[in-house]
Amino acid sequence: MALIVHKYGGTSMGSPERIRNVAKRVAKWARAGHQLVVVPSAMSGETNRLLGLAKELQPALVDDAALRELDMIAATGEQVSVGLLALALQAEGQPAVSYSGWQVPITTDSAYTKARIASIDDQRVRADLSAGRVVVITGFQGVDALGSVTTLGRGGSDTSAVAVAAAMQAAECLIYTDVDGVYTTDPRVVPEAKRLGTISFEEMLEMASLGSKVLQIRSVEFAGKYRVKLRVLSSFTPWDIAIDEEAQSGTLITFEEDEKMEQAVVSGIAFNRDEAKITVVGVPDTPGIAFKILGAVAAANIDVDVIVQNMSHDGRTDFSFTVHRNDYARTMALLKSDVLQLTGAADLIGDAKICKVSIVGIGMKSHVGVASTMFRTLSEEGINIQMITTSEIKTSVVIDEKYMELAVRALHRAFGLDAPSDAA
Ligand code: ASP
Ligand code: MG
């Protein structure tokens with residue numbers, strides 16, 4: 001008998017029929033003798049609907065007073081879900097009780113719409129589990145020191161589930177979702193993409209941060225920090241398949257030292273179309289230049305990703321960096337108004353039609369020549385590389401957006417990730 005946390009996404013909770021299926025699956029685990037804590041998302045589309053209503057009354061939603069109310073509104077989606085799921089469990093003959101974040105309580109800071117969990121009191125939950133009840137806890141929300149309802153940011157139910165699993169030292173946290181695991185790349189771009197049986201926590205963190213959207217990135221960070229055993233699996237397998245089979249399905253996120261010796265050098269290809277590139281042309285190559293440019297950007301709360309500074313010619317250099325595409329116009333305006341005069345740069349060039357493609361794999365730590373295989377593959381496809389960054393376990397390039405799919409497919413093939421075709 002073990003304490004297990006299940007998390008169900010919005011699609012899995014999308015209708016009474018689907019909720020009934022979730023209940024049947026959970027009841028199956030409880031009948032097998034496990035203690036179950038279940039963390040569901042709001043029904044699919046519900047959070048968007050709620051936020052839409054809020055925006056009709058206050059389009060800008062800028063200050064803390066407004067953001068507080070936004071959380072008050074958005075959190076109701078999950079409150080409905082837990083009540084419905086507890087009812088469905090009871091209807092299956094499985095005793096169950098639901099709690100919202102403040103009832104547990106799950107305490108957070110007061111950063112409305114992106115709050116961070118500070119602590120989880122598991123007393124009440126443990127008492128229910130001991131009494132044989134399944135406990136259903138709202139994802140996405142908590143309560144701050146003032147007693148105000150907070151939310152953890154979009155996709156935050158993943159983080160709630162992992163945090164509950166960490167706080168209660170659950171044996172495993174199973175994330176049931178509408179895909180059946182983590183893939184070598186997006187199967188919509190590369191139909192030959194394979195599901196990974198395991199992926200290391202470090203790789204998952206890179207894949208998530210590079211645009212693979214299976215899990216909220218904070219949930220992966222949490223799992224790494226507290227060493228929560230985490231598995232992503234499908235909620236659309238028949239609810240009555242054998243527990244052992246279900247428990248082995250999907251993708252397990254492992255810790256490096258648990259990994260087998262032999263493994264692929266590159267585990268996956270990630271890509272991200274959400275960035276834009278800005279080049280400050282002809283800045284004087286003197287101390288403090290990077291700070292003058294990026295300090296101004298950081299002061300405006302804009303995140304910078306890839307940065308490249310070239311060698312200087314005649315005391316001047318070009319300085320390029322990428323930002324999220326949503327911040328592109330704001331960054332260009334900011335640089336135009338301040339930084340050009342401040343640095344004495346000659347010009348400013350922006351390009352929003354770029355993308356970042358990355359190869360990810362912990363095998364890269366111990367293999368040389370991985371990056372050069374990447375560069376050769378791209379050159380064979382005639383794709384020009386605009387920027388490059390590397391870390392121990394990934395190499396990313398910035399390229400023209402129109403070559404993204406070509407690049408991802410070619411790299412997927414070059415690193416041996418295409419599944420063997422079943423034609424033979
Ligand atoms: N319901 C929230 C959202 O749509 C949280 C979640 O589903 O994880 O972002
Ligand atoms: Mg999600």
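Throughout, read-outs are computed from the coordinates displayed, never taken from laboratory work. On a predicted model such as this, the values are computed, not experimentally measured, just so you know. As a convention, Cβ positions derive from the backbone with ideal geometry for all residues, glycine included, and neighbour counts pool all protein chains shown.
No solvent, one uniform scatterer per C-alpha: report log10 I(q)/I(0) for the stretch 47-91 via the Debye equation at q = 0.28 1/Å, two decimals.
Computed log10 I(q)/I(0) values: -0.94.
In whole angstrom, and with the biggest value first, how far do the Cα coordinates of the stretch 77-145 range along each principal axis?
That gives 40, 25, 11 Å along the principal axes, largest extent first.
With the chain treated as a Gaussian network of Cα nodes joined by springs under 10 Å, which of GLN103, GLN123, GLN90 yields the largest mean-square fluctuation?
Maximum among the listed residues: GLN123.
Straight-line reach only, C-alpha to C-alpha below 19 angstrom: list the lysines that LYS402 could link to, leaving out same-chain residues fewer than 8 apart.
Filter leaves LYS277, LYS353, LYS356.
With a 10 Å Cβ neighbour count serving as the proxy for reagent exposure, in which order, fewest first, do TRP239, TRP29 appear?
Starting with the residue having the fewest Cβ neighbours, the order is TRP239, TRP29.
Return the Cα extents of the chain along principal axes one, two and three, sorted largest first, each rounded to a whole Å.
Here the spans come out as 78, 62, 34 Å, largest first.
Can you give the angle from 0 to 90° between the axis of helix 76-91 and the longest principal axis of the chain, with both taken from C-alpha atoms, to the nearest 10?
The answer is roughly 40 degrees.
Find the Rg to Rh ratio for the stretch 154-211, where Rh is the Kirkwood radius over alpha-carbon pairs and Rg uses the same atoms.
1.00
Pick from SER148, SER366, SER396: which residue has the top mean-square fluctuation in a GNM of the chain where Cα pairs under 10 Å get a spring?
SER366
Averaging over every viewing direction, what projected area does the convex hull of the Cα atoms of the stretch 337-388 cover, in nm²?
Averaging across all directions leaves 6.2 nm² for the Cα convex hull.
For the chain, what does -39500 (n - 2.57) per DSSP helix run (n ≥ 4), summed and divided by total residues, give at 222 nm, in deg cm²/dmol to the nearest 500?
Calculated mean residue ellipticity at 222 nm is -10000 deg cm²/dmol.
Can you give me the orientation-averaged projected area of the convex hull built on the Cα atoms of the stretch 45-122, in nm²?
Averaging across all directions leaves 6.2 nm² for the Cα convex hull.
Determine the gain in length on full extension of the stretch ALA419-HIS367; use 0.36 nm per residue of separation and subtract their C-alpha separation, reporting nm with one decimal.
My answer for the length gained is 16.5 nm.
Taking the chain as the reference, fit the longest principal axis to its C-alpha atoms, fit the long axis of helix 217-226 to the helix C-alpha atoms, and give the angle between the two in degrees, 0 to 90, nearest 10.
70 degrees
To one decimal place, what orientation-averaged projected area in nm² is obtained for the convex hull of the Cα set of the stretch 325-424?
In nm², the orientation-averaged hull projection of the stretch 325-424 is 9.4.
In what order do MET1, MET332, MET204 fall by count of nearby beta-carbon atoms within 10 Å, going from fewest to most?
MET1, MET332, MET204
Relative to the longest principal Cα axis of the chain, at what angle does helix 16-31 sit, 0 to 90 degrees, rounded to 10?
Approximately 70 degrees, to the nearest ten.
Based on Cβ point charges of +1 for Lys and Arg and -1 for Asp and Glu, what charge dipole magnitude is obtained for the chain about its Cα centre, in debye rounded to the nearest 20?
Dipole of the chain, to the nearest 20 debye: 600 debye.
Under 10 Å, Cα contacts only: if you run a Gaussian network model on the chain, which one of LEU230, LEU89, LEU51 comes out with the highest mean-square fluctuation?
Comparing LEU230, LEU89, LEU51 in the GNM, the peak value goes to LEU51.
How would THR254, THR159 line up from fewest to most surrounding beta-carbon atoms within 10 angstrom?
THR254, THR159
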